[in-house]
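Participant: Have a look at this one.
The values are calculated or read from the model by the stated rules, or taken from the named source; none is laboratory data. Being a predicted model, the structure only gives us computed values, none of them experimental. Here Cβ is always computed from backbone atoms with ideal geometry, including for glycine, and neighbour counts include all displayed protein chains.
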Amino acid sequence: MFQIEVNGKPLQAEPGETLLKVLKRNGVRVPTLCYLKDRAPSGACRLCVVEVAGQANLVPSCAFPAAEGMKIQTHSPRVLRARRTVVELLLANHPDDCLYCVRNGDCDLRRLAGELDVRQRRYCKIERRPETDNSSASVVREQSKCILCGRCVRVCEEVMGVSAIDFVERGSHSRVTTAFEEGLNVSGCVGCGQCVMVCPTGALHEVDHMGRVLEALADPALTVMVQHAPSVSVTLGEMFGLEPGSDVDGALNAVLRRMGFARVFDTGFSADLTVMEEASELLQRLGGKGPLPMMTSCSPGWINFVESFFPKWMPNLSTCKSPQQMMGALIKTYYARSQKLAPEKIFSVSIMPCTAKKGEAARRQMRGEGGLPDVDAVLTTRELAFMIRQKGLDLKTLPAELPDSLLGERSSAGKIFGASGGVMEAAVRTAYRLVTGHELENLELKAVRGLDGIKEAQVKVGDVTLDLAVVSGLMNARRLVEDMEKGLRRYHFVEVMTCPGGCIAGGGQPHDTEPELVKARMSALYTIDRKAKLRCAHNNAEVQKLYKDFLGEPLGHLSHELLHTSYAQRREGE
Ligand code: SF4
Ligand code: SF4
Ligand code: SF4
């Protein structure tokens, strides 16, 4: 450790640290628009410049190493002037669309312009209104609002291993686009929305489904039903000022009813159902029917990724539909029949942490009888928060309510689906019970918890010791699959979540994904699990009733028809 002086005060720095890192750690706020935590600095935006005594020019703090005795000024008049000029230059080419922008109220560029007291356009505008790319079922690109920070390009390449977008041309013609400037739908884009999470402006956002939901809610001929994914209850509260990791499950059911949804279901129910089907499928494959390792299929970005980049591994994907789609299929069959409702008069909405879920719901394979979609609209957590505010409701003051029955009960195994490792842990609990007839003594599989990109575990189930892997972040998935192709790794069962850390950091969640926040969300899910009375999918009474009254048995004829699918084609609906 050594000492530097910042704004006249001593601060401790460690060898190898950049100035920005020291400043952040010590709570000195310096703005950046291109910085990404744990990634090499690009120095593209020049907003983090500081004044270092003895240096003629201002230096970018994100790339400048701290050195013993260094004296720096972070907010001197010269520094503020430079930052203001940077923002003014960015705004010179920017549309004045704030009032109509999806990021209105939540835009880093707009906030900075305010903070730096930018009150007039000092540089003349070069009129450039590139077309908006609406081709994807998941993500919209509004190039006119792009400030070329490069965050999306780096996340897509370095974290997701996809490289669907990149910079083209130079100077004032420079822009971020897809190969051959085609639509995102025909690029390698998997719809994950991780680029949306890091974009500081409204240049990237989810495809808006709010309009179609509001229309359906206003239509007296429709019964509008909603399901909410396991992770949403531990992230939504942040958007209403609650502590990260606050669980608003009961208030979420209440607010959805007040918004006009006729039934509220918990996707944790169909996560339990997924566990029943997936654990049974694993046992079937271990018995020789189907290739190993079996790979999970809950995460639609991962499905898109396999289809686009590793098609030879398609047969390894579990045939189970995701919990969203299983719930959708059951709402329009089992539930519709039980309530004597016509499926075509049901509008089925899901609240998801994920932009790729919009693409998943739009696939042709995800349609039931008569071509009816299992799920009609998918709202991200962000869209739900927007609609709650629009309806004048306050999440914090609502009393807790339970979800509706038949498709509402869930075990905490279904709840931990929201975190990377959760599907694996839930499936192991049930596979053990199916094989041995006994409950697993220690339900918690700690080796697959946490934020590491690749986690491994071994579990003895009956006579077999299962080799398991849990991966999150598609770059890690790419590494794992490439290792498997070289014969360097062998497993029986692999869980893959598209987004780093799982759904709690999905592309539809609140924009902030600082690791501390994600850890708080994860810890909330495991606390729910630890305190739950019902911790295994196979003990869920509503799931048992569903098999008894309707489906028959896991992997039975009707299960296959409604709950399983084939991923043998490239993405459809996009
Ligand atoms: S991206 Fe930000 S600055 Fe640009 S129009 Fe939207 S809110 Fe305004
Ligand atoms: S949605 Fe995902 S895959 Fe598509 S461009 Fe963004 S980061 Fe890349
Ligand atoms: S689209 Fe957003 S994240 Fe990507 S370069 Fe433009 S402003 Fe940055």
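Participant: Out of the residues in the stretch 120-140 that are in contact with a His (Cβ under 9 Å, 6 or more places away or on another chain) and within 13 Å of ligand 2 (Cβ to nearest atom), which is farthest from Lys357 (Cα to Cα)?
Facilitator: Keep residues of the stretch 120-140 that are in contact with a His (Cβ under 9 Å, 6 or more places away or on another chain), which gives 125, 139-140.
Still in the list and also within 13 Å of ligand 2 (Cβ to nearest atom): 139-140.
On the way: Val139: 11, Val140: 14 Å.
The extreme case among them is Val140.
Participant: Determine whether Gly368 is of a type outside the set (Phe, Trp, Tyr), surrounded by fewer than 24 Cβ atoms within 10 Å (Cβ to Cβ) and within 19 Å of His564 (Cβ to Cβ).
Facilitator: Details: of a type outside the set (Phe, Trp, Tyr): yes; surrounded by fewer than 24 Cβ atoms within 10 Å (Cβ to Cβ): yes; within 19 Å of His564 (Cβ to Cβ): yes.
So Gly368 fits the description; yes.
Participant: Which residues, counting only those in the stretch 147-178, are within 26 Å of Leu379 (Cβ to Cβ) and touching a residue at least 60 places away in the same chain (Cβ under 8 Å)?
Facilitator: Across the stretch 147-178, the qualifying residues are Arg151, Val155, Val159, Met160, Val162.
Participant: So, Ala271, is that one aliphatic (A, V, I, L, M) and closer than 27 Å to Ala431 by Cα or not? I'd like the intermediate steps shown before the answer.
Facilitator: Working: aliphatic (A, V, I, L, M): yes; closer than 27 Å to Ala431 by Cα: yes.
Yes, satisfied.
Participant: Would you be able to tell me the number of residues in the stretch 383-402 that are closer than 11 Å to Leu236 by Cβ and β-branched (Val, Ile, Thr)?
Facilitator: Here the count works out to 1.
Participant: Which numbered condition trips up Glu142, out of (1) at pLDDT 95 or above; (2) more than 9 Å from ligand 1 (Cβ to nearest atom)?
Facilitator: (2)
Participant: Quick check: anything in the stretch 327-342 in a strand (DSSP E or B) and of a type in the set (D, E, K, R)?
Facilitator: Pass one, the stretch 327-342, residues in a strand (DSSP E or B): none.
Looking for residues that are in a strand (DSSP E or B) and of a type in the set (D, E, K, R), one finds none in the stretch 327-342, hence no.
Participant: Related question: Collect the residues in the stretch 92-101 that are more than 7 Å from ligand 1 (Cβ to nearest atom), among the hydrophobic types (A, V, I, L, M, F, W, C) and under 30 Å from Glu238 (Cα atoms), keeping them in residue-number order.
Facilitator: Residue satisfying the conditions is Leu99 alone.
Participant: List the helices (runs of 4 or more DSSP H) that sit entirely inside the stretch 389-505 and contain at least 3 residues that are modelled with pLDDT under 95 and within 16 Å of ligand 3 (Cβ to nearest atom).
Facilitator: Working: elements: 412-415, 422-436, 474-485.
Correct list: empty, since no element meets the threshold.
Participant: So, in the stretch 198-255, exactly how many residues are of a type outside the set (S, T, N, Q), in a helix (DSSP H, G or I) and away from ligand 2 (no atom under 16 Å from the Cβ)?
Facilitator: Qualifying residue count for the region: 21.
Participant: Now, a different point. Suppose we keep only residues that are among the basic types (Lys, Arg) and in contact (Cβ under 8 Å) with a residue 40 or more places away in the chain within the stretch 412-456. Which one would you say is surrounded by the fewest Cβ atoms within 10 Å (Cβ to Cβ)? Before you say what the answer is, go through the steps one by one.
Facilitator: Going residue by residue through the stretch 412-456, those that are among the basic types (Lys, Arg) are 415, 429, 433, 446, 449, 455.
Then keep just the ones that are in contact (Cβ under 8 Å) with a residue 40 or more places away in the chain; that gives 415, 429, 433, 449.
Values: Lys415: 30, Arg429: 25, Arg433: 18, Arg449: 22.
Looking at the filtered set, the residue picked out is Arg433.
Participant: So which of Ser231, Ser246 is among the small types (Gly, Ala, Ser), within 30 Å of Ala431 (Cα to Cα) and surrounded by 18 or more Cβ atoms within 10 Å (Cβ to Cβ)? First the steps, then the outcome.
Facilitator: Details: Ser246 fails: within 30 Å of Ala431 (Cα to Cα).
Result of the check over Ser231, Ser246: Ser231.
Participant: Tell me which of these Ser144 doesn't satisfy, since it passes every other one: (1) free of Cβ contacts under 8 Å to residues at least 40 places away in the same chain; (2) of a type in the set (Gly, Ala, Ser); (3) within 13 Å of ligand 3 (Cβ to nearest atom).
Facilitator: It is condition (1) that Ser144 fails.
Participant: Something else: Could we say that Cys62 is in contact (Cβ under 8 Å) with a residue 12 or more places away in the chain, of a type outside the set (Lys, Arg) and more than 16 Å from ligand 1 (Cβ to nearest atom) here? Give the steps one after another, and end with the answer.
Facilitator: Working: in contact (Cβ under 8 Å) with a residue 12 or more places away in the chain: yes; of a type outside the set (Lys, Arg): yes; more than 16 Å from ligand 1 (Cβ to nearest atom): yes.
So Cys62 fits the description; yes.
Participant: Let me ask something additional. Is it true that some residue in the stretch 86-105 is outside the structural domain of Arg175 (by TED's automatic domain parsing), closer than 26 Å to Gln509 by Cβ and buried (at least 17 other Cβ atoms within 10 Å of the Cβ)?
Facilitator: no
Participant: When Phe347 is evaluated against the numbered criteria (1) free of Cβ contacts under 8 Å to residues at least 60 places away in the same chain; (2) closer than 20 Å to Leu217 by Cα, which criterion, by number, is the only one it fails?
Facilitator: Exception for Phe347: condition (1).
Participant: So which of Met294, Met327 ends up being crowded, with 24+ Cβ neighbours inside 10 Å, in the same structural domain as His557 (by TED's automatic domain parsing), among the aliphatic types (A, V, I, L, M) and under 19 Å from Val543 (Cα atoms)? Lay out the reasoning, then the answer.
Facilitator: Values: Met294 fails: under 19 Å from Val543 (Cα atoms).
Just one listed residue meets the conditions, Met327.
Participant: Under 6 Å between Cβ atoms, at least 6 apart or on separate chains: pull out the pairs that start in the stretch 307-318 with a residue that is touching a residue at least 12 places away in the same chain (Cβ under 8 Å) and end on any residue that is among the acidic types (Asp, Glu).
Facilitator: If the second residue must be among the acidic types (Asp, Glu), the pairs left are Ser318/Glu278; Ser318/Glu281.
Participant: Of these, Arg119, Arg111, Arg129, which one is free of Cβ contacts under 8 Å to residues at least 24 places away in the same chain, within 13 Å of ligand 1 (Cβ to nearest atom) and assigned by TED's automatic domain parsing to the domain that holds Val198? If you could, list the steps in order and put the result at the bottom.
Facilitator: Working: Arg119 fails: within 13 Å of ligand 1 (Cβ to nearest atom); Arg129 fails: free of Cβ contacts under 8 Å to residues at least 24 places away in the same chain.
Answer to the selection: Arg111.
So that you can scan it fast, the table gives a plain yes or no per residue for (1) of a type outside the set (A, V, I, L, M); (2) more than 16 Å from ligand 1 (Cβ to nearest atom); (3) closer than 19 Å to Gly508 by Cα; (4) part of a strand (DSSP E or B):
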| site | (1), (2), (3), (4) |
| --- | --- |
| Cys149 | yes, no, no, no |
| Val155 | no, yes, yes, no |
| Glu158 | yes, yes, no, no |
| Val162 | no, yes, yes, no |
| Phe167 | yes, yes, no, yes |
| Val176 | no, no, no, yes |
| Gly191 | yes, yes, yes, no |
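Participant: In the set Gly171, Gly150, Gly188, Gly114, which member is within 13 Å of ligand 3 (Cβ to nearest atom) and either closer than 21 Å to Glu88 by Cβ or at pLDDT 90 or above (or both)?
Facilitator: Values: Gly171 fails: within 13 Å of ligand 3 (Cβ to nearest atom); Gly188 fails: within 13 Å of ligand 3 (Cβ to nearest atom); Gly114 fails: within 13 Å of ligand 3 (Cβ to nearest atom).
When all the criteria are applied, what remains is Gly150.
Participant: Working only within the stretch 160-177, note down all residues that are of a type in the set (Val, Ile, Thr) and within 8 Å of ligand 2 (Cβ to nearest atom). Spell out the reasoning first.
Facilitator: Our first condition is that a residue be of a type in the set (Val, Ile, Thr); within the stretch 160-177, this holds for 162, 165, 168, 176-177.
Of everything in the stretch 160-177, those that are of a type in the set (Val, Ile, Thr) and within 8 Å of ligand 2 (Cβ to nearest atom) turn out to be Val162, Ile165.
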